[in-house]
Each structure stands twice: as structure tokens, then as C-alpha cells.
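The values are calculated or read from the model by the stated rules, or taken from the named source; none is laboratory data. This one's a predicted model, so the numbers in the text were calculated from it and none came from an experiment. In this analysis, Cβ positions are derived from the backbone assuming ideal geometry, glycine residues included, and neighbour counts consider all displayed protein chains.
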Amino acid sequence: MEEGKIMKKFLKAILVASMVFATAACSGGDKAATYTATEKGFAGDVTVEVTVKGNEITEIKATCDGETPGIGQTACEKIPAKIVETQSLDVDAMTGATITSEALFAAITAALAEGGLSADDLTAKDNAGETGAETLDYDVVVIGAGGAGMTAAIEAHDAGAKVLVLEKAAMTGGNTSRARGGMNAAETPEQAKEGIEDSIQLFIDDTMKGGKNINDEALVKTLAENSAEGIEWLHTIGADLTSVGLFGGASVKRIHRPVNAEGKTISVGSYLVPIFQSNLEERNVEILYETPATELIVDGGKVVGVKANGEKEYTINAKAVIIATGGFGANSDMVVSYQPSLEGFMSTNAATITGDGIKMAESIGAATVDMEQIQIHPTVEANTAGLITEGLRGDGAILVNQGGKRFVNELLTRDVVSAAEIAQEGSYSWLIVDQAMVDKSAVIQGYINKGYTTSGQTYEELAKALNMDEATFAETMNNWNTYCANKNDPDFQREGMENDLSTAPFYAIKVTAGVHHTMGGLKIDTETHVLNTNGAVIEGLYAAGEVTGGVHGANRLGGNAVADIVVFGRIAGQEAAAYAAK
Ligand code: ADP
């Protein structure tokens, strides 16, 4: 059963419970009255002001300031609007934002109860949308409104195409919303400003080495060559990635990150996704939400459209189709079918990332590559599967096991760090940061707000709270601080130790390995054409982002997913629009 459906059942139970204390079928009278209620959301409070007149909800104002932009905050806009529209609380929770959805339903129920109303007193409007079939005509249809899809849609529009975006979820963003780090790019003005010497060739070499040299080198070259221009393009659409940092697998500082007003680095995905979305809105590019594409339409060997299932059964005729449905990390059956060793692993992925685009294209003869290459991320918060950014390790965090000892060079690639972590007792570890790091990072502050951290004023106090041997942990930390002072890590040969961990209080996050990125996917060429199993172009079909394979080889470096969606999303948009104009 889908997460949303489970939530619906659960929420119905809440509503039934609420009716017990609401006065029976009481009308709010003819005058409008407003009732307020607050519930705890994912990272902060969710407050609703519900205005009722008679038995009708005329307005719901919801405030969810602490919730994640693009995820919980989207639920905060859409769920109240849907409730007012349908005059019913029998609305699906938003996939990916179930805790915020749950808080909204509970708060709205409580506010109604305050006014003497229960869900059953509302007269539900039968406007679940017009049903039936509809045929639409576009130049370019983009399947998936994650980073790659929205980038492609913006570029296709700007190249003159009439564009439609289909999105399976109720919001944009997919896994891109969860990207914490930034975008790798070489030879940028931002690097030059800080005197960082990088080159396109070094970017290619690092990416190939990280990918164990099974990457498609032509795609890697395209990625690196177009990366600096990608950063510049982002700037033109209102997104600035100005802080350059060090990330696992990169020889130099190459990851470009956004900063907030205080100059602290912030998560790249929740920064970029609303910017992509508002760029589409400004251009009047329509996004059909909760409308998964189900099938590609083929005529004479060319892709000429797509079928989708939303409020209606859509047949969309298009001159070109861009698949940007992301990977398959949330489809555990598909993951296990390619990598049986990953049975039972947590996933960092959004629930809609289930390999749809790969399956649709395969069914019309598309080739796939590297499907068994599935990346596990070593720092997934052990209780919630929330992703803890790799940037913390680049900025100075270390990993210790339950025995209080480091066990790996924390800056090695994700696969190596994950394997080392899985080998520790309990297959988890503790990510340690200090107050100096917190002061520089709004991201860590967010983790603290979400309750991910355990803290202590001294190393001993933190160790005690973690049930860890106090003396061993303190020795590990003191050694680490000395290594940083000497710029020499005799235990694991870590490099680039600019910050020690000596500023109290100290924080620990329990982390484990989780399915993170599926490197394999549709085989494309450097112009993002999808290739068939004979290596020929499938006319009219393009793909970009995590749905494709070959760019990352056997292991994706942190910062290369955003580079992938921007570089190849742009190419897909431009190429599809040019093809459609022929
Ligand atoms: P990428 O990083 O490649 O852009 P994301 O995971 O960010 O990938 O985004 C993929 C998007 O595609 C998500 O928003 C997801 O909900 C959407 N999606 C997945 N399957 C379908 C489908 N069948 N139809 C429409 N959208 C889909």
C-alpha cells in the first residue's frame, strides 16, 4: 500500500476520534468565525487558522515556517487549498511530506472541533476533478519535475518550444529537493576568486577515478566541460552557488554551494527547487501534478507522445519527450533485483523515485547501463533515514564507532566509507561536529532542530550520553585535534584538516548506510538522445538526470548529481526543442 493511502487510513482514525469530542452536527452559524490550532510538524510547529461559515470552510491559512522548503512547506500550501476546494478532510497526505500532512490534518480537525464542527458536518463537493479522457498537443513533454526535468523544461521553453511537465508527486523536486551538498564545477570564477587551481581534466580524472573508470568517458567530459557554464546559467535564473568547498573524491575545492544571508552554507536542493519552479511559473510552463506518465507513444519507431494518468486519462501528442523521472532508489524490489545484498536497507529517496522512466523506455527497446551500480550513502540518520550531508565531513566532522574510535579516512568515496561503517559493530557510527562547525552551517542547525543530535559540554559528557567509553572517545578527539594542528593524520591519512573539533559543546549524529543513488539507467549519448539496444538513437526521446546511466560509473561523487541535472538537463531541453522545431 502506498504511504499516502496508509496515512489516509490513519487520519480517518484521527477524525473519528475527534468526532467523539466535537458537538454533534453543530452549525457554526451564518457569521464567519475563525478557529486556530497548532500541531507539531516535521521540524517545527504547524499552525492553522480555519474560517468557517455555517457548515462550510471558507478559508484555511496555514503557517509552517519550520518545515522543509519545497517539501513540508508545499504540503502546507496544497493540503489546506484542497480541503477548502473539496470541503472534505478526506484528502490524501502528500507523499514525502507525511509528517507535515499529518500535523495539518490534526490541526485543522482540532480547529474545526473548536468551532463545534466535525469532518462529517462538511458538505463535500463532488469536484474531484473532471474525469474522462483528454488529448493535448505540445512540442516537448518533460516527464518528471525534479532538477533535471525542470532545468530541461526551462531551456526547452527558452529555445521556443511549447512545453508541458508531468509530475507524479503533488510537488516538484523529487530527490533533488533532498540534495544537501552543492554542484561540482571546474574552472569557475568562484574558484578563481579563492585562488583554487582546478581544471576540466582534473574534474574528469576525479570523476572517472571515483566511478572506478567504468563511466562513459564522453559523458564525463561533457559534464566537466559544461559545468562552469552551468553555474553561470544558474546565476541567470536567480540561483547563486558561491561558496566553494571540499567534498569526498575531489582533489581540490570544487563543490559550489548556496549561502544564506549570514553567509552560512545551506542545502542546495531546497534552495534550487523553488527557483526552478518559479522560473517555470514565470514562463507559464504548465506542470500537471499527480499525473504520472505511464507509457510512451511510438509511431514508426519515433516517440511521438506520452500517456499519463491524472485527473484525466491524458494522451499527449508531442514532437519530443524528455524522460527525467529520476532513479529507482525507492523501489526496493527493483534495487534488490539488481543488488540482492541491499535487501532491507533504508533509502534516502523520495517515495516516487521508482524507476518508471527506465521501465517505460525499456519497454520500447531502450538500452540500460550499469543497473547494478547502486550507491549507498554512509551518513543516513539512523532513525529517520534523513540524509546527512557529506559536506560536514569535508568541513571537519569525523566518524567514530560505538567503541569511541575512528575507523576510516572520512573523506574517501561513499562506497569505501560505507563499507568501513557496515563493518563496525551494529553497522552504524557517530558523526561528530563541534560548536564552531554549527556556527558556520545553517544545515547543522537544521539537524539540531530536527532532533538528530546528542550533545555534551565535554568529550566525556558526550560519550556518556552515547553510551560510549568516555576515556577512549576523549583520547580519539584529543588525538584528532593534534592531527589537525600538525596537518597529519597518522591513523588514516586524511588530508585538508583545516578545522579541529575543539569548540564545546560537541554534537553527535547516529548514522548508517542507506540506498542513495542509482548510478545505472538509460543509455544516452552526449546530446541526451536515448539509445536502443543496438546503440542507435530512438528518435524523439531524450533523457537527463538520475534516470540515465554512465555519467557516474560505479560510484557517484558528492556534488556530481547537481552537476548532472544542470548540465544534461540543459542539453536535453535545448536538443529536444531543436528537434521539435525541425
Ligand atoms: P533528477 O535528480 O534526475 O532530476 P529527481 O529525483 O530530482 O531526479 O526528480 C525526478 C522526478 O520525477 C520526481 O519529482 C518524481 O516524482 C518524478 N517522477 C517519477 N516517476 C514519474 C512518472 N512516471 N511520471 C511523472 N513524474 C515522475
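When you go through Lys302, Lys319 one by one, which is the residue that is crowded, with 20+ Cβ neighbours inside 10 Å, more than 16 Å from the ligand (Cβ to nearest atom) and modelled with pLDDT of 95 or more? Lay out the reasoning, then the answer.
Working: Lys302 fails: crowded, with 20+ Cβ neighbours inside 10 Å.
Going through Lys302, Lys319 in turn, the sole match is Lys319.
Determine whether the stretch 354-375 contains at least one residue that is within 16 Å of the ligand (Cβ to nearest atom), part of a loop (DSSP other than H, G, I, E, B) and either under 18 Å from the mean Cα position of the chain (by Cα) or more than 27 Å from Asn534 (Cα to Cα) (or both).
So far as the stretch 354-375 goes, yes, one or more of its residues are within 16 Å of the ligand (Cβ to nearest atom), part of a loop (DSSP other than H, G, I, E, B) and either under 18 Å from the mean Cα position of the chain (by Cα) or more than 27 Å from Asn534 (Cα to Cα) (or both).
Test of understanding: among Gly160, Gly132, Gly146, which residue is of a type outside the set (Phe, Trp, Tyr), buried (at least 24 other Cβ atoms within 10 Å of the Cβ) and touching a residue at least 12 places away in the same chain (Cβ under 8 Å)?
Matching residue, one of Gly160, Gly132, Gly146: Gly146.
I'd like the full set of residues that are part of a loop (DSSP other than H, G, I, E, B) and touching a residue at least 40 places away in the same chain (Cβ under 8 Å), limited to the stretch 275-309. Please lay out each step first, then the result.
Quick first cut of the stretch 275-309, residues part of a loop (DSSP other than H, G, I, E, B) only: 283-285, 289-292, 300-301.
Across the stretch 275-309, the qualifying residues are Arg283, Val285, Tyr289, Glu290, Thr291, Pro292, Gly301.
Taking the stretch 322-351, which residues are under 21 Å from the mean Cα position of the chain (by Cα), modelled with pLDDT of 95 or more and of a type in the set (Ser, Thr, Tyr)?
Thr325
Of the conditions (1) closer than 17 Å to Glu232 by Cβ; (2) within 13 Å of the ligand (Cβ to nearest atom), Gly173 clears all except one; give me its number.
Among (1) closer than 17 Å to Glu232 by Cβ; (2) within 13 Å of the ligand (Cβ to nearest atom), the lone unmet condition for Gly173 is (1).
Determine which member of the set Glu527, Glu539 is out of contact with any strand residue (DSSP E or B) (no Cβ under 7 Å at 6 or more places or on another chain) and surrounded by fewer than 24 Cβ atoms within 10 Å (Cβ to Cβ).
Details: Glu539 fails: out of contact with any strand residue (DSSP E or B) (no Cβ under 7 Å at 6 or more places or on another chain).
Just a single option satisfies the conditions, and that option is Glu527.
Taking the stretch 274-286 as the search range and keeping residues that are more than 10 Å from the ligand (Cβ to nearest atom) and within 20 Å of the chain's Cα centre (by Cα), which one is surrounded by the fewest Cβ atoms within 10 Å (Cβ to Cβ)? Full working, then the answer.
As a first pass, look at the stretch 274-286 and keep what is more than 10 Å from the ligand (Cβ to nearest atom): 274-275, 277-286.
Next, from what is left, pick out any that are within 20 Å of the chain's Cα centre (by Cα): 274-275, 277-280.
Details: Pro274: 18, Ile275: 15, Gln277: 20, Ser278: 12, Asn279: 20, Leu280: 21.
Going through the qualifying residues, I end up with Ser278.
Please state which of the following conditions Gly263 fails to meet, knowing it meets all the rest: (1) closer than 25 Å to Gly386 by Cα; (2) outside any loop (DSSP other than H, G, I, E, B).
With (1) closer than 25 Å to Gly386 by Cα; (2) outside any loop (DSSP other than H, G, I, E, B) applied to Gly263, the lone miss is (2).
Please go through (1) surrounded by 16 or more Cβ atoms within 10 Å (Cβ to Cβ); (2) within 15 Å of Phe105 (Cβ to Cβ) for Gly44 and return the number of the only condition it doesn't satisfy.
All conditions pass for Gly44, except number (2).
Just for strands (runs of 3 or more DSSP E) wholly inside the stretch 484-582: which have at least 2 residues that are more than 16 Å from the ligand (Cβ to nearest atom) and at pLDDT 95 or above? Please lay out each step first, then the result.
On the way: elements: 506-518, 521-523, 529-531, 537-543.
Ranges flagged: 506-518, 529-531, 537-543.
Among the numbered criteria (1) in a loop (DSSP other than H, G, I, E, B); (2) closer than 23 Å to Gly70 by Cβ; (3) at pLDDT 95 or above; (4) more than 16 Å from the ligand (Cβ to nearest atom), which single criterion is violated by Lys253?
(2) is the only condition that Lys253 fails.
Any residue at all in the stretch 24-35 that is buried (at least 19 other Cβ atoms within 10 Å of the Cβ) and modelled with pLDDT of 85 or more? Talk me through it step by step, then tell me what you get.
To start, the set of residues in the stretch 24-35 that are buried (at least 19 other Cβ atoms within 10 Å of the Cβ) comprises 28, 35.
From what is left, the residues that are modelled with pLDDT of 85 or more are 35.
Scanning the stretch 24-35, I find at least one residue that is buried (at least 19 other Cβ atoms within 10 Å of the Cβ) and modelled with pLDDT of 85 or more, so the answer is yes.
May I ask you to list pairs of residues, at least six apart or on different chains, whose Cβ atoms are under 8 Å apart, with the first in the stretch 415-440 being at pLDDT below 90 and the second being in a strand (DSSP E or B) and not polar (S, T, N, Q)?
Taking only residues 6 or more apart or on different chains, the pairs are Asp415/Ile376.
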